[in-house]
Amino acid sequence: MKISLTDKQGSGILLGLARAIGARVQGRFVYIPEDKGGGYLSGFAWGTDLRMMVRNYHLNEEILIERTNELAEGQDDIIFLLSGIFPASADQEKQLLPEQTNVFICAHAVSSVLNMPSNTSFRSVTIAASRQYLQKLFGNLSHPLVVSILEARENFAFETGISPAMIKTASEILELPVPESLESHYCKLKCEELLCHIFGLLLQRDSVPASNMHIEDIKAIYAIKLHLQSHLSEPPDIATQAREAGMSEPKLRKLFRQTFGKSVFEYYQSARMQEAARLLKEKRLSVSEVGFQLGFTNLSHFSRVFEQHIGEKPKRYSVEKGMGG
């Protein structure tokens with residue numbers, strides 16, 4: 001199912017999406033119809049400076065959203081998409097693919113094509129904040145990455161991980177332990193709290209000025225990321241990927257590290273170990289099965305790499321998760 005939606009002056013696409021898929025709107029909640037999936041979307045807007053959308057649903061069919069942004073004059077929002085931040089129920093974990101866990105940061109002015117795959121559980125928070133609002137909160141931070149987000153006039157994309165503190169804050173947004181009359185105020189505080197956690201992670205990166213990125217560069221870097229995630233048993237071939245992306249190897253390495261805060265190989269190895277942990281926990285595979293599936297011929301080496309990234313040996317991790325193996 002393909003839907004074309006326009007975000008006019010930062011009002012969002014929530015109601016347009018609801019109309020397109022026949023969803024039920026009740027207050028600030030948009031409920032996904034049963035024939036399309038299940039769950040809901042919800043949101044808050046605090047003037048034009050700060051907005052938040054919560055996605056907590058799954059879809060039975062694939063929906064491709066072509067989004068066009070029509071911004072008001074002078075409007076220059078930054079988008080923070082926190083994906084996979086809510087836990088799925090045990091039943092959903094077995095039946096649905098999890099949304100990838102990360103925080104994606106970009107300029108709102110970039111028109112995007114958003115793919116919402118079928119049989120995937122979406123558990124995310126999207127925050128849209130004006131640069132002026134962010135300047136008030138974080139304008140005193142001198143880190144080059146923060147300066148790029150607050151001041152860059154070109155397209156950019158940064159991605160970072162989801163911390164335990166973010167998960168805790170997001171769960172408080174989901175559960176809302178306050179009376180309905182205080183929900184908006186409470187969620188605004190939690191929204192700012194999430195932004196603080198995100199900027200805290202960005203401050204841990206190398207203090208190196210960020211280069212401007214054309215939209216084609218962003219697409220190329222994300223195509224490389226997708227290739228890494230789709231070929232976890234194969235070490236990355238930088239030369240081939242640079243050639244296919246139409247850029248030099250040094251440029252690819254620089255823009256990849258700038259975007260993700262890790263080298264290509266570091267990112268690949270981290271994704272590999274996250275997948276190993278998932279296979280041990282959810283698929284009940286043995287340590288040797290997981291190691292060989294992810295391209296390791298030496299299980300001792302697999303065990304050492306797993307421990308470096310996950311914090312314990314795969315055998316112990318597997319037993320602790322109650323899976324054996």
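Among the candidates His197, His227, the residue that is more than 18 Å from Ala129 (Cα to Cα), assigned to a helix (DSSP H, G or I) and without any contact (Cβ under 8 Å) to a residue 60 or more places away in the chain is uniquely His227. Does Ser263 qualify as being surrounded by fewer than 19 Cβ atoms within 10 Å (Cβ to Cβ), closer than 21 Å to Glu159 by Cβ, at pLDDT 90 or above and polar (S, T, N, Q)? For Ser263, the condition - surrounded by fewer than 19 Cβ atoms within 10 Å (Cβ to Cβ), closer than 21 Å to Glu159 by Cβ, at pLDDT 90 or above and polar (S, T, N, Q) - is met. Answer with yes or no whether Ser142 is among the polar types (S, T, N, Q) and free of Cβ contacts under 8 Å to residues at least 12 places away in the same chain. Yes: the conditions hold for Ser142. Within region 275-282, is even one residue touching an Asp or Glu at 6+ places or on another chain (Cβ under 9 Å), loosely packed, with under 14 Cβ neighbours inside 10 Å and within 27 Å of Gly84 (Cα to Cα)? The answer is yes, given that some residue of region 275-282 is touching an Asp or Glu at 6+ places or on another chain (Cβ under 9 Å), loosely packed, with under 14 Cβ neighbours inside 10 Å and within 27 Å of Gly84 (Cα to Cα).
Hey, can you tell me all the residues within region 200-221 that are of a type outside the set (A, V, I, L, M) and outside any loop (DSSP other than H, G, I, E, B)? Across region 200-221, the qualifying residues are Gly200, Glu216, Asp217, Lys219.
Inspection of region 296-308 identifies no residue that is in the same structural domain as Leu228 (by TED's automatic domain parsing) and touching a residue at least 40 places away in the same chain (Cβ under 8 Å).
Within region 266-325, the set of residues being part of a helix (DSSP H, G or I) and aliphatic (A, V, I, L, M) comprises Ala271, Met273, Ala276, Ala277, Leu279, Leu280, Val287, Val290, Leu299, Val305, Ile310, Val319.
Selection over region 28-63 of residues that are more than 18 Å from the chain's Cα centre (by Cα), part of a strand (DSSP E or B) and either over 16 Å from Ile13 (Cβ atoms) or not assigned by TED's automatic domain parsing to the domain that holds Ser181 (or both) gives a count of 6. Looking across region 279-295, the residues that are free of Cβ contacts under 8 Å to residues at least 24 places away in the same chain and farther than 13 Å from Ser233 by Cβ come down to Lys283, Ser288. Any residue at all in region 156-172 that is in contact with a Phe, Trp or Tyr (Cβ under 9 Å, 6 or more places away or on another chain), under 27 Å from Glu61 (Cβ atoms) and modelled with pLDDT of 90 or more? So far as region 156-172 goes, yes, one or more of its residues are in contact with a Phe, Trp or Tyr (Cβ under 9 Å, 6 or more places away or on another chain), under 27 Å from Glu61 (Cβ atoms) and modelled with pLDDT of 90 or more. For beta carbons closer than 6 Å, sequence separation of 6+ or different chains, a first residue in region 241-258 that is free of Cβ contacts under 8 Å to residues at least 40 places away in the same chain and a second that is charged (D, E, K, R), the qualifying pairs are Ala242/Glu249. Restricting attention to region 95-123, report how many residues are within 11 Å of the chain's Cα centre (by Cα) and at pLDDT below 90. Counting residues in region 95-123 that are within 11 Å of the chain's Cα centre (by Cα) and at pLDDT below 90 gives 6.
The values are calculated or read from the model by the stated rules, or taken from the named source; none is laboratory data. Just so we're clear, the structure is a prediction, and the values are computed from it rather than from any experiment. With ideal geometry, Cβ positions are generated from the backbone for all residues, glycine too; neighbour counts draw on all protein chains shown.
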